[in-house]
Amino acid sequence: MTTTVRRVDDGEFFTWLDLYSGYGEFYETPLTDEKAVLVWSWLTDPTHELEAYFALNDAGDPIGLAHVRVFARPLAGSRGLFLDDLFVTPDARGEGAATAILESLKVRARDEGLSVVRWITAADNDAAQRVYDRVAQKTDWVTYDLVP
């Protein structure tokens with residue numbers, strides 16, 4: 001199977017919603033209507049930093065979704081690309097969609113002079129980590145959340 005990756009178009013709300021809902025279910029965080037509308041408004045606002053990409057199978061059907069945004073790296077004196085969300089439909093896993101998304105983001109980062117593509121994943125997401133370990137370097141950093 002050949003996977004292609006492209007930006008999500010403005011008129012693809014329901015296709016995006018199906019994939020993003022699947023992502024929320026995977027992480028046991030249901031996507032409410034309010035959150036879906038808010039995130040979609042970010043994706044369709046050209047001044048907002050969040051962008052979405054689909055991974056497409058040979059038939060052109062979306063089988064994967066990624067949300068990314070550019071971020072500043074002050075100590076490095078550069079900017080990077082942060083991958084917030086990556087989801088591949090269960091029936092398409094293991095066929096290269098996640099790798100295609102990551103490779104596409106790597107090309108974008110190189111083309112735009114960004115110094116890194118960075119993401120986090122759940123410590124127990126072993127399947128995703130097998131993919132990530134093949135294409136990227138695991139860091140020594142620990143993630144914290146400070147909730148106001």
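Among the residues of the stretch 1-16, what is the count of those that are farther than 20 Å from GLY96 by Cα and open to solvent by less than 40 Å² (accessible area, probe 1.4 Å)? Residues flagged as farther than 20 Å from GLY96 by Cα and open to solvent by less than 40 Å² (accessible area, probe 1.4 Å) within the stretch 1-16 amount to 1.
Listed here are the residues, each with its yes/no results for (1) within 14 Å of ARG7 (Cβ to Cβ); (2) touching a strand residue (DSSP E or B) at 6+ places or on another chain (Cβ under 8 Å); (3) among the aromatic types (Phe, Trp, Tyr); (4) assigned to a loop (DSSP other than H, G, I, E, B).
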residue: TYR20; (1), (2), (3), (4): no, yes, yes, no
residue: PRO30; (1), (2), (3), (4): no, no, no, yes
residue: VAL37; (1), (2), (3), (4): no, no, no, no
residue: PHE54; (1), (2), (3), (4): yes, yes, yes, no
residue: ALA59; (1), (2), (3), (4): no, no, no, yes
residue: HIS67; (1), (2), (3), (4): yes, yes, no, no
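Out of the residues in the stretch 85-101 that are outside any helix (DSSP H, G or I) and open to solvent by less than 50 Å² (accessible area, probe 1.4 Å), state the one that is farthest from ARG118 (Cα to Cα).
To start, the set of residues in the stretch 85-101 that are outside any helix (DSSP H, G or I) comprises 85-89, 93-96.
Cutting the leftovers down to open to solvent by less than 50 Å² (accessible area, probe 1.4 Å) gives us 85-89, 96.
On the way: ASP85: 11, LEU86: 12, PHE87: 16, VAL88: 18, THR89: 22, GLY96: 19 Å.
Result: THR89.
Each residue in the stretch 28-81 was checked for being open to solvent by 30 Å² or more (accessible area, probe 1.4 Å), more than 13 Å from the chain's Cα centre (by Cα) and not hydroxyl-bearing (Ser, Thr, Tyr), and 28 pass.
Look at the stretch 12-30: where a residue is under 14 Å from HIS67 (Cα atoms) and a partner is of a type in the set (D, E, K, R) and modelled with pLDDT of 95 or more, sitting 6+ places away or on another chain with Cβ atoms under 6 Å, you get TYR23/ASP85.
Closer than 20 Å to GLN137 by Cα, open to solvent by 70 Å² or more (accessible area, probe 1.4 Å) and either outside any helix (DSSP H, G or I) or without any contact (Cβ under 8 Å) to a residue 60 or more places away in the chain (or both): is that true of ARG108 in this structure? Even if it seems obvious, please write down each step before you answer.
Numbers: closer than 20 Å to GLN137 by Cα: yes; open to solvent by 70 Å² or more (accessible area, probe 1.4 Å): no; either outside any helix (DSSP H, G or I) or without any contact (Cβ under 8 Å) to a residue 60 or more places away in the chain (or both): yes.
When the stated conditions are applied, ARG108 does not pass them.
When both residues are 6+ apart or on different chains and their Cβ atoms are under 6 Å apart, which pairs have a first residue that lies in the stretch 40-55 and is of a type in the set (Gly, Ala, Ser), and a second that is in a strand (DSSP E or B)? Close Cβ pairs (under 6 Å, with a partner that is in a strand (DSSP E or B)) amount to ALA52/HIS67; ALA55/VAL5; ALA55/ILE63; ALA55/GLY64.
Considering (1) within 21 Å of LEU17 (Cα to Cα); (2) in contact with a Gly (Cβ under 6 Å, 6 or more places away or on another chain), the lone condition that VAL116 does not fulfil carries the number (1). With respect to the conditions (1) under 21 Å from TRP119 (Cβ atoms); (2) at pLDDT 95 or above, ASP33 falls short on a single one, namely (1).
Taking the conditions (1) in a helix (DSSP H, G or I); (2) in contact with a Gly (Cβ under 7 Å, 6 or more places away or on another chain); (3) of a type outside the set (S, T, N, Q) in turn, TRP42 satisfies each one other than (2).
Of the residues that make up the stretch 118-130, is at least one of a type in the set (D, E, K, R) and surrounded by 13 or more Cβ atoms within 10 Å (Cβ to Cβ)?
First, the residues of the stretch 118-130 that are of a type in the set (D, E, K, R): 118, 124, 126, 130.
Checking which are surrounded by 13 or more Cβ atoms within 10 Å (Cβ to Cβ) leaves us with 118.
Within the stretch 118-130 (the criterion being of a type in the set (D, E, K, R) and surrounded by 13 or more Cβ atoms within 10 Å (Cβ to Cβ)), the answer is yes, since at least one residue qualifies.
The values are calculated or read from the model by the stated rules, or taken from the named source; none is laboratory data. This one's a predicted model, so the numbers in the text were calculated from it and none came from an experiment. Cβ coordinates were reconstructed from backbone atoms using ideal geometry, including for glycine residues, and neighbour counts include every protein chain displayed. Just so you know, the surface numbers come from the protein's heavy atoms only, side chains and all, with ligands and any DNA or RNA stripped out. Shrake-Rupley method; radii C 1.70, N 1.55, O 1.52, S 1.80 Å.
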